[in-house]
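Here's the structure, in structure tokens; my notes come after.
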Amino acid sequence: MEKIPLNKEQIGRVKSTAADIAGQIREMIRTYSTVCVERTLLRLYGVDGVVDDETPVPNRVVDILVEENRIDSGVTRALAAVMIKTGRDAKTVAELIARRRIPLEDPASYDMERIMAVEQELARKAVDVLDHSRKRKQAAIDRWGLPVQPWKYMITATGNIYEDRTQARSAVYSGADIIAVIRSTAQSLLDYIPYGPTTEGFGGTYATQENFRIMRKALNEVSERQGRYVRLVNYASGLCMSEIAACAAFEDLDMLLNDSMYGILFRDINMMRTFIDQYVSRLICSRAKIIINTGEDNYLTTSDAMENAYSVTASQLINEAMAKDALLTDDLIGLGHAFEINPKIENAFLYEIAHAQLARQLFPNAPLKYMPPTKYKSTNIFYSHALDTMFNLASITTNQGIHLAGILTEAIHTPLMQDRYLSLQGIDYVFGLARGLGDEIAFKPDGLIVNRAKRVLDETEQLLDELKDIGLMEGVALGKFANIKRSRDGGKGLDGVFKKGPNYSNPVMDRIEREGVINA
Amino acid sequence: MPEQWIKPYGDTLNDGLVQLSFTLPVENGPRAIKAARIYAGKLNLKNVTVACAEAMDDAHTFFVAYGRAEPAIDYSEIRAEEATVEHMDFYEINDRIRKDLNRRICVVGATIGSDAHTVGIDAIMNMKGYNQDYGLERYPEIDAYNMGAQVTGEDLLKTAMDINADALLVSQTVTQKDAHLHNFTELMELLEAEQLRDRFLVIAGGPRITHELAIELGYDAGFGPGTLPSQVAAYIVTTLIKRRIMLNAKC
């Protein structure tokens, strides 16, 4: 419902400007690839496991390609050539290459038609992985059904996947609809995905394919018992963004945190690397129907939520445009925002409503991801619980999509089991109490809420116009987002970016792009 | 009970009433509630009431309990260290730097180790500051470098040397299994190994930090939750001035 009378033409303008901004990086994505993208392809071809010193096979194979100065042609044809030579499958061949038992072959010395036939077969299998995941998840949703929005999103972060499993079960029992396993905090900067089940992590648990499998299995069991489909979330961010997306597709994850700029700004990851990996990870999400969650909430933890509200909206528009470029449909674009205005500001709640309602109206079909207060959480847990209650009310009133549960001990430690329970109890209380409030109220046409939303949209338009002129990469370099400056040639992971050579091929991307959005 | 002896205050002096919440890994029911009451009794609480027992799942129960605590302590014997901070505002601090140090001061801050939270270091350093109190970046007489989160001790030291810092602000926000203590200790060991300990003022911050704990860990000062940027700035400035006076006296 149009509660705030926004200017439709202005909305059209900002969306089209955002599309232009996203378009500026499309050419860069066409021209370059990354080591992460190549490792992702290997994973989708069925390559897994580790060699000697715990190095994942995909990493070792790509490292060898880099060593031999052949990375610019990509991994696929080189792999296809060895498959033809040995008559073995991708997984076996990759392992042999990784153990340096057999050398890589030069595809040029093979019949191109045969190479391309193997390549197409690899691409078919890779896309099958994504299609099967999509279908399995749809079957689970058909069987158990989805809860009403806002979906209650709860984190576990023990560092030990088996302990997370216990915590997740209890959270679902207490009402959680979505379980996110927070990653070990240093993982975004690892240029490989750890292997196997893990029991040690700081502030979270390592994202590994085996950990995904363990948690998915536990949630399937609990979905069966509770009679509702419980979604699983992890993080496709950092230096292994698209690889994580591939692992997530194998293990039927439902959502991935995946932002177009988060890694650049907050982890100092190179922007070319991020934009390319992000695009490929989103293609995977599109095909496997994984909902992305973008990270705009982070802008407000470093900058002020009143002064910089427009940077959230601008980033949402850019994230949306980039997501659509990567074939994601509205229902898969969980744009982020947060309840982070200083609670001492008089009428802060009204401004929060204005921001949340603005997001709701700009993206009516997106499952908006609404983040709880963190910055003004206190070590007084009772006060913090009260903050979360108002956040819950803002969420239900503006009909948000994905509601990240605020935790009363946010400022102290990773949540205890009882903290989750109290949080979910508070959410259920407010959501039940005020379920229809949003449908009942209208805002005063010239009031605080309407004027605030309009002002944020005006400021957003100004920033987007500026970004369109100077370019997104230059905008980031100038600190237009979160006051953090990152240069095009700076940051981690730049050495993993390479220019595609004349013989480069990526049959998986080609196929997904060619076939477009698939719903069946 | 003599006046200096104290115990928790519920609604009557010396009633010793405490409130606690905890989880037991058992299914809720009369047996679980009894177990909670007995357990609270083992904590030496008397007249225990289990006010609330709710099932979180079929194997975990959440309790809120009240009881009367027996021990009393002699308050006159309690001593606590606090970083002594002269109260000064933004203008006074800049003024003191100009007049008493006669040079700009340089501060580098970081969240170290695996902790990804910049909330604490940002509250102190970012232009905007915290609770209407400007951050160090805003001070014309302070060069403030915020390195963000997940900074290694080596990187922090390298930056501190490169920019010739006067003070290091080291933050740890969210912790698990005492990782913050480990990280703080590791940095201090590194400083000592590099024989750089005395070159900088080293200040710890975060929700688990008290001045006392910081001193114990070998830091110059510690600031806990709710600290304002001006308190940290005032501490740095006054300490640098004191050190300068001491140095001059030695010469």
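Annotations for the structure displayed:
- Percent carbon-and-sulfur accessible area, the protein assembly as shown, ignoring ligands, DNA and RNA, probe 1.4 Å: 51
- Residues whose amide H falls under 5 Å from that of residue A:270, counting only those 5 or more places apart or on a different chain, are A:492, A:493, A:494, with hydrogens built in the peptide plane.
- Only helices enter the 222 nm calculation for chain B: every DSSP H run of n ≥ 4 contributes -39,500 (n - 2.57), and dividing by all residues gives -10000 deg cm²/dmol, rounded to 500.
- Principal axis extents of the Cα atoms in the protein assembly as shown, from largest to smallest and rounded to whole angstrom, are 96, 74, 62.
- Along its first, second and third principal axes, ordered by size, the stretch A:136-451 spans 55, 42, 39 Å in Cα coordinates.
- Projected onto their three principal axes, the Cα atoms of the stretch B:5-75 cover extents of 44, 20, 17 Å, largest first.
- Helix A:112-144 and the longest principal axis of the C-alpha atoms of chain A enclose an angle of approximately 30°.
- Accessible surface of residue A:499 - all protein chains present, 1.4 Å probe, nearest 10 Å²: 120
- The residues A:388, B:11, sorted by heavy-atom accessible surface at 1.4 Å with ligands and nucleic acids left out, run B:11, A:388 from largest to smallest.
- A helix-only calculation puts chain A at -17000 deg cm²/dmol for mean residue ellipticity at 222 nm, using -39500 (n - 2.57) for each DSSP H run of at least four residues, averaged over all residues.
- Quarter of the Cα convex hull surface for chain B, i.e. its orientation-mean projected area (nm²): 18.4
- Cα-Cα separations in the stretch A:242-389 greater than 26 Å, expressed as whole percent: 29
- In this structure, the amide hydrogen of residue A:231, modeled 1.01 Å from its nitrogen in the peptide plane, lies closer than 5 angstrom to those of A:178, A:179, counting only residues at least 5 positions away or on a different chain.
- The Rg/Rh ratio for the stretch A:335-454, using Cα coordinates for both the radius of gyration and the Kirkwood hydrodynamic radius, is 0.97.
- Inter-part distance where the stretch A:66-123 and the stretch B:113-167 are each reduced to a Cα centre, Å: 49
- Rounded Å value of the spacing that divides the Cα centres of the stretch A:11-59 and the stretch A:182-200: 19
- Whole-Hz Karplus values for the stretch A:404-410 come out as 6, 5, x, 10, 5, 9, 2 Hz, taken residue by residue from phi with 6.51 cos²θ - 1.76 cosθ + 1.60 and θ = phi - 60°; glycine and proline positions read x.
- When the Gaussian network model of chain B links Cα atoms closer than 10 Å, the mean-square fluctuations of B:165, B:35, B:221 top out at B:35.
- Residues whose amide H falls under 5 Å from that of residue A:339, counting only those 5 or more places apart or on a different chain, are A:371, with hydrogens built in the peptide plane.
- Surrounding net charge for residue A:213, when Lys and Arg each add one and Asp and Glu each subtract one, Cβ distance under 10 Å: -1
- The string of couplings for the stretch B:130-143 from the Karplus curve (6.51, -1.76, 1.60, θ = phi - 60°) is 9, 6, 6, 10, 4, x, 4, 4, 7, 6, x, 9, 10, 8 Hz, one whole number per residue in order, with x for Gly and Pro.
- Computed with a 1.4 Å probe over protein heavy atoms only, the accessible area of residue A:474 comes to about 90 Å².
- Residue B:112 sits among other residues whose Cβ lies under 12 Å from its own Cβ, and their net charge, with Lys and Arg +1 and Asp and Glu -1, is -4.
- Cβ-derived FRET efficiency at R0 22 Å, residue B:246 paired with residue B:193, nearest 0.05: 0.30
- Sequence of A:184, A:487 from largest to smallest accessible area, 1.4 Å probe: A:487, A:184
- Phi angles across the stretch A:87-103 convert, under the Karplus curve 6.51 cos²θ - 1.76 cosθ + 1.60 with θ = phi - 60°, into 3J(HN,Hα) values of x, 10, 7, 4, 4, 5, 4, 4, 5, 5, 5, 4, 7, 6, 7, 10, x Hz, Gly and Pro given as x.
- Solvent exposure of chain A as accessible area per residue, Å², 1.4 Å probe: 36
- Cα lying deepest toward the dipole's positive end in the stretch B:15-94, options B:64, B:48, B:85, charges on Cβ: B:48
- Each Lys and Arg Cβ is given +1 and each Asp and Glu Cβ -1; about its Cα centre, the protein assembly as shown then shows a dipole of about 1300 debye.
- Rounded to the nearest 10 Å², the accessible area of residue A:341 at probe 1.4 Å: 10
- Pair-distance profile P(r), taking every C-alpha pair of the stretch A:400-478, with 10 angstrom steps and integer %: 14, 22, 23, 29, 12, 0
- Reducing the stretch A:218-263 and the stretch B:52-92 to their Cα centroids gives an inter-centroid distance of 38 Å.
- Cα gyration tensor, the stretch B:152-251 - rounded (a/c under 1.5), prolate or oblate: oblate
The values are calculated or read from the model by the stated rules, or taken from the named source; none is laboratory data. Keep in mind that what you see is a predicted model, and the values were worked out from it rather than measured. Every residue, glycine among them, receives a Cβ derived from its backbone with ideal geometry; neighbour counts consider all protein chains shown. Ligands, DNA and RNA are stripped out before the accessible areas are found, and what is left, the full protein with its side chains, is counted by its heavy atoms. Shrake-Rupley method; radii C 1.70, N 1.55, O 1.52, S 1.80 Å.
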